[in-house]
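K.L.:
Structure provided below as structure tokens; questions to follow.
The values are calculated or read from the model by the stated rules, or taken from the named source; none is laboratory data. Note that the coordinates shown come from a computational prediction; the quantities given were computed from them, not determined experimentally. FYI the Cβ positions are ideal-geometry reconstructions off the backbone, even for glycines, and counts take in every protein chain you see. Quick note on the areas: whole protein, heavy atoms, side chains included, nothing else; ligands and nucleic acids left out. Shrake-Rupley method; radii C 1.70, N 1.55, O 1.52, S 1.80 Å.
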Amino acid sequence: DVPGSMYYTLLTQGKIEDPYAADNEYKTRDLCWKGCEYSRDFTVSQEALDSDFVRLVFHGIDTLAELYLNGKKLGRVDNMFRKWEFDIKKLLKPGINSLKLVFEPLMETLKKLEEKKPVWGVPSTTPGYQHVRKAHYMMGWDWGPQLPDYGIWKDCELIWGNIARLDCVEIRQKHKNGRVEVLVQPHILTERALPLTVEVTLLDPDGKTLAGQKEFVLSEEEEAAIIEIENPRLWWPNGFGSQPLYTVKTVLKAGGEVLDNDEKRIGLREMTVCTSVDKYGREFCYQVNGVRIFAMGADYIPEDNLLPRLSRERTEALIRDCAEAHFNSLRVWGGGFYPNDWFYDLCDEYGILVWQDFMFACAVYDLTDDFEQNITQEIIDNLKRIRHHACLGLLCGNNEMEQAMVEFDTPAFKMNKNEKFLADYLRLYERIIPELCKQYAPDIFYWPASPSSGGGMDYPNDPTRGDVHYWEVWHGGKPFEEYRKYFFRFCSEFGFESFPSMKTIRSFAAEEDLNPFSYIMESHQKCVGGNKKILNYLADYYLYPKDFEKLIYTSQMLQADAIRYGVEHWRRFRGRCMGAIYWQVNDCWPVASWVSRDYFGRWKALHYFAKRFFAPVLLSAHGEEYSVVLNISNETMDTFKGKLVCKVMDARLNAVFETEKAVSVSPLSSLDAETLDLLPYLKGFERERLLTYTLLSEDGKEIASEALLFVQPKHFKFADPDIKVEIKQDSEGFILRLEPKAYAKGVQIDFEGFDARLSDNFFELSSKKAVRVLELTGIDNPTVEDLKNNLKITSVFDIDK
């Protein structure tokens, strides 16, 4: 199949076992010590044979292969990220033509390249991965398997025609005085000096043709169509407005005959990243249509190691889940690949700003002439492909290499830390790539690295400038509270691991493997000592779980607590900090990792927490000892007005203190709305009393409701919540109504045998609450009785029960 791959073909034909199950990864990996061949016969029409040009186009070949047509060598390919075109007119013949791709044995090639010239890379990966332009994660990472598959991973096609064709269509826009000028620049490939006509049509978001359709004859110099739009409908990130998309159609003609055409969707918006000097240093934030946006979201990696499994439908489920959790941003990490077109289309549609790394991550690259030429074309191909998208907010040179050049001091890294590689770094990320961006995507902000303070190897992880990667919580073993010591301008990586759900674990582990330190569980934990770190942190915050299933639940609560600490803190300092992008949103296989949404799309506790801590209006608590400050962060363009209700309660929900207050919070701001001195109500009762705080809108609708314990959960005196659950069905589906007899923390709703996506989950429960079932999978025609009979309720009270 095309798109396809070696592993995928062998798997679907029953030649290998599931590489994600048990420890099959290792024997599957070793198949890449062998090469493979793709071949097929095809016929072409007489029309194609008689045309001016015939091109064989591969939109993605992974990665090292030689191509042959009718026994003649077409060439060699060596870059997974490029589009490869071959002029085959002279090699074609009437009747049957034979095409063959011969893939090199990848592991053997990497071994030889690394022996010839060893360069630094991530220790947990296949050595030599940085020598080839192939997605690094496929050779292993601290969350991914070593499955360096190969094959034809994107579509291929035969194209033919006469006179000319469109190479690409460049679209730019200029905003002024409430109007937008859309400039459409076609770039033509032709070998004949004939008059060519270009027709450009602009359709509004409703599909209606706008006045101002342009048609012009191309002269020797390429011309552009300029269409002016009055009363433009602007595109906004998720949470700030709608995402109307206009359509630009370009048709190339000669003498009235259509030669080629192109169609693109665009969003009308002004986009940049502000780096102005302010009292805290230098800000770093997205600015869209003049509005400074607090970036909320996560880092995105490829969605699978077997690339033929990718689809628009699968990616849409992910992007939808991000938008539902109030994401407005994703960062495409530089160790994967440039996503498929549908990824950017979906981010356009759902209002997700995209931080796009170029594909360089955690490695030293030997910048030879051949390498430079190869990556230059790679960057041109991808900029031409994605630059028109409304969602594209930032282009970034690499992941963590500037930081490595400055900070890394290991013996392995010192091997390459010399003048040659330092000069290569500066040339690649601060000259070659930015110059290409200026030429091919001049309207998109370029940033040299992540993290970076702006380049030049000037303190790249500076908390007062640029973006930061912060890993002292997790890798450094620091407590969650450590986040509150830092006021980063933009945190583009921070994270905490957990296990996936039991249903996901059972996809790769047998019953005898259900122990965090079993061989199979450790094979599905790629961060060195990761399971041990989870247990170490658990000891600080929660009681030791009774069994493996409770351990899974507790690990997810730990993860969600950790990331909430950071996000809430940085949102309270909106203006000083303008971005919280956690590592990471998705997995490429079933594994213990940092994600909030696992390989099968199941929401962990963190994703439900994100839906709350990324909400447009956030209520959060901070302070010291018994002095509690309640903060309201308003990430909307309207003033928020409502009522704040606070109660000190005992574990059985008896109130000993209650207060309420009218509140008003300006747009795009954060306000400490209330300070409470709770010493009289808590002294001596810290282990059995809690504070609940609820924010209501002007019309009485609940915006947020949370609870604060004054000791770690392991020391709180929980009472049995004995939660009563009523399930009903209405015209919109199923709704669960829960009523506790005592306070319950981290209430998880789950069902045996099938999955549910809910309006809320892993929540605090101190009063009656209704939860709607948004989606059920794994069950046909469910009934109320099905839900009742399979319902499982877990809370922190149950951890050791």
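K.L.:
About the Cα centre of region 573-632, what is the dipole size in debye to 20, counting +1 per Lys and Arg Cβ and -1 per Asp and Glu Cβ, all else neutral?
P.N.:
That gives region 573-632 a dipole magnitude of about 240 debye.
K.L.:
If you wrap a convex hull around the C-alpha atoms of region 208-283 and split its volume per residue, what is the figure in Å³?
P.N.:
For region 208-283, the hull spanned by Cα atoms encloses 174 Å³ per residue.
K.L.:
Residues with amide H under 5 Å of W447's amide H, sequence separation 5 or more or different chain, H placed in the peptide plane at 1.01 Å from N; which?
P.N.:
L395, C396, G397
K.L.:
Same structure again: Just to compare against my own numbers: the Cα pair-distance distribution for region 311-428, 5 Å bins, whole % per bin, please.
P.N.:
For region 311-428, the pair-distance distribution reads 2, 10, 18, 19, 15, 12, 9, 8, 5, 1.
K.L.:
Please get the size of the charge dipole for the chain, origin at its Cα centre, with Cβ charges of +1 on Lys and Arg and -1 on Asp and Glu, quoted in debye to the nearest 20.
P.N.:
The calculated dipole for the chain is roughly 920 debye.
K.L.:
With contacts defined as alpha carbon pairs under 8 Å and 6 or more residues apart, what's the relative contact order of the chain in percent?
P.N.:
Answer for the chain is 9 percent.
K.L.:
Moving on to the next point. Relative to the longest principal axis of the C-alpha atoms of the chain, give the angle of the C-alpha long axis of helix 106-116, reported between 0 and 90° and rounded to the nearest 10°.
P.N.:
90
K.L.:
As a quick test, which of the pairs K714/K792; K533/K801; K604/K643; K90/K438; K526/K604 have an alpha carbon distance above 26 angstrom in this structure?
P.N.:
From the list (K714/K792; K533/K801; K604/K643; K90/K438; K526/K604), the Cα-Cα distance tops 26 Å for K604/K643; K90/K438.
K.L.:
Quick one: pull the percentage of alpha-carbon pairs in region 597-754 with a separation above 26 Å.
P.N.:
Pairs farther apart than 26 Å: 38 percent.
K.L.:
Sticking with this one: Taking the Cβ-Cβ separation of V711 and D366 as r and a Förster radius of 35 Å, what is the calculated FRET efficiency to the nearest 0.05?
P.N.:
After rounding to 0.05, the efficiency reads 0.05.
K.L.:
Here's something else I'd like to know. Over region 407-471, one equal point on each Cα, no solvent: what is log10 I(q)/I(0) by the Debye formula at q = 0.14, 0.18, 0.20, 0.29 Å⁻¹?
P.N.:
-0.51, -0.79, -0.92, -1.19
K.L.:
A follow-up question, please. For K728 and V217, compute 0.36 nm times the residue count separating them, minus their Cα-Cα distance, and round to one decimal in nm.
P.N.:
So the extension gain works out to 177.4 nm.
K.L.:
Show me the ranking of peptides 750-760, 205-215 by mean Cβ neighbours inside 10 Å, starting with the highest.
P.N.:
Highest mean packing first, the order is 750-760, 205-215.
K.L.:
Another one. If you roll a 1.4 angstrom probe over the protein chains with everything in place, what fraction of the accessible area of the chain belongs to carbon and sulfur, to the nearest %?
P.N.:
Taking all protein chains in place, the chain shows 47 percent carbon and sulfur surface.
K.L.:
For F685, which sequence-distant residues (separation of 5 or more, or a different chain) have an amide H within less than 5 Å of its own amide H, given hydrogens modelled in the peptide plane?
P.N.:
Long-range HN contacts for F685: none found.
K.L.:
Per q in 0.12 Å⁻¹, report the Debye log10 I(q)/I(0) for region 137-284, using one uniform scatterer on each alpha carbon and no solvent.
P.N.:
Evaluating at q = 0.12 Å⁻¹ gives log10 I(q)/I(0) of -0.73.
K.L.:
Moving to a separate point now. Which of the listed residues, P721, V102, M6, is farthest toward the dipole's positive end in the chain, when Lys, Arg count +1 and Asp, Glu count -1 at the beta-carbon?
P.N.:
The one lying farthest along the dipole's positive direction is P721.
K.L.:
State in Å² the accessible area per residue of the chain; use a 1.4 Å probe, count heavy atoms of protein chains only, and round to the nearest integer.
P.N.:
40
K.L.:
What is the diffusion coefficient of region 33-109 in µm²/s, taking the Kirkwood radius over Cα pairs and the Stokes-Einstein relation at 37 °C with a viscosity of 0.692 mPa s?
P.N.:
245
K.L.:
Between K801 and S666, how high is the FRET efficiency from 1/(1 + (r/R0)^6) when r is the Cβ-Cβ distance and R₀ = 45 Å? Nearest 0.05.
P.N.:
According to the calculation, E is roughly 0.45.
K.L.:
May I ask for the Kirkwood hydrodynamic radius of region 707-793, worked out over all distinct Cα pairs and given in angstroms to one decimal?
P.N.:
The Cα-based Kirkwood calculation yields 14.0 Å.
K.L.:
OK, next. With runs of 4+ DSSP H residues as the only contributors, calculate the mean residue ellipticity of the chain at 222 nm using -39,500 (n - 2.57) per run, divided by the residue total and rounded to the nearest 500.
P.N.:
When only DSSP H runs of four or more count, the value is -6000 deg cm²/dmol.
K.L.:
Round to the nearest 0.05 the FRET efficiency obtained for F42 and D167 when R0 = 35 Å and r is the Cβ-Cβ distance.
P.N.:
0.90
K.L.:
Here's something else I'd like to know. Label point 7 Å out from K683 along Cα-to-Cβ: which residues of region 636-663 have amide N under 19 Å?
P.N.:
Backbone N within reach: 648-650, 656-658.
K.L.:
Take R76, project a point 7 Å from its Cα along the Cβ direction, then tell me which residues of region 38-65 have their backbone nitrogen under 19 Å from it.
P.N.:
38, 61-65
K.L.:
Put a dot 7 Å past each Cα toward the Cβ at R192 and R309; how far apart are the dots in nm?
P.N.:
Each label point lies 7 Å from its Cα, and together they span 4.9 nm.
K.L.:
Going 7 Å from the Cα of E625 toward and past its Cβ, which residues in region 681-716 have a backbone nitrogen under 17 Å from where you end up?
P.N.:
The answer is 681-687, 710-711.
K.L.:
Give me a comma-separated list of calculated 3J(HN,Hα) values for region 280-285, in order, Karplus coefficients 6.51, -1.76, 1.60 applied at θ = phi - 60°, integers in Hz, x for any Gly or Pro.
P.N.:
Taking θ as phi minus 60°, the curve returns 9, x, 9, 5, 8, 7 Hz for region 280-285.
K.L.:
Just add up the charged neighbours of A651: K/R +1, D/E -1, any other residue whose Cβ is under 11 Å from the Cβ of A651.
P.N.:
Here the count lands on +3.
K.L.:
Quick one: which of 475-481, 292-298 comes out on top by average Cβ neighbours within 10 Å, and what's the full order, highest first?
P.N.:
By packing density, highest mean first, the sequence is 292-298, 475-481.
K.L.:
Could you give the length gained on full extension between M637 and I226, defined as 0.36 nm per residue of separation minus the Cα-Cα distance, in nm?
P.N.:
144.8 nm
K.L.:
Could you state, as a whole-number percent, how many of the C-alpha pairs of region 265-375 are farther apart than 23 Å?
P.N.:
When all Cα pairs of region 265-375 are counted, 42 percent exceed 23 Å.
K.L.:
Please tell me the relative contact order of region 596-636 in percent, rounded to the nearest whole number, where contacts are Cα pairs under 8 Å and at least six residues apart.
P.N.:
In percent, rounded to a whole number, it is 28.
K.L.:
Taking θ as phi - 60°, what are the ³J(HN,Hα) couplings along region 560-575 by the Karplus curve (6.51, -1.76, 1.60), each to the nearest whole Hz, with x for Gly and Pro?
P.N.:
Whole-Hz 3J(HN,Hα) from phi for region 560-575: 5, 4, 4, 5, 4, 3, x, 4, 4, 4, 6, 5, 5, 10, 4, x.
K.L.:
Further question on the same structure: Project the alpha carbons of region 654-747 onto their principal axes and report the range along each, largest first, in whole Å.
P.N.:
Extents along the principal axes, in whole Å: 47, 40, 21.
K.L.:
Next up: Which order do the peptides 422-429, 234-241, 540-547 take when ranked by the mean count of other beta-carbon atoms within 10 Å per residue, highest first?
P.N.:
Result, highest mean first: 234-241, 422-429, 540-547.
K.L.:
Please determine, in degrees from 0 to 90 and to the nearest 10, the orientation of helix 341-350 with respect to the longest principal axis defined by the Cα atoms of the chain, where the helix direction is its Cα long axis.
P.N.:
Value to nearest ten degrees: 40.
K.L.:
Using only the alpha carbons, work out the radius of gyration and Dmax of region 1-149 in angstrom.
P.N.:
Answer for region 1-149, Rg first and Dmax second: 17.8, 55 Å.
K.L.:
If I model region 530-655 as equal point scatterers sitting on the Cα atoms and use the Debye formula, what is log10 I(q)/I(0) at q = 0.15 Å⁻¹?
P.N.:
-0.90
K.L.:
Past the 18 angstrom mark, what percentage of all C-alpha to C-alpha distances in region 522-574 do you count?
P.N.:
Beyond 18 Å sits 41 percent of the P(r) for region 522-574.
K.L.:
What whole-number volume per residue, in cubic angstrom, does the convex hull of the C-alpha atoms of the chain give?
P.N.:
Here the figure is 184 Å³ per residue.
K.L.:
Sticking with this one: Between region 678-738 and region 379-415, what is the separation of their alpha carbon centroids in Å?
P.N.:
Region 678-738 and region 379-415 have Cα centres separated by 44 Å.
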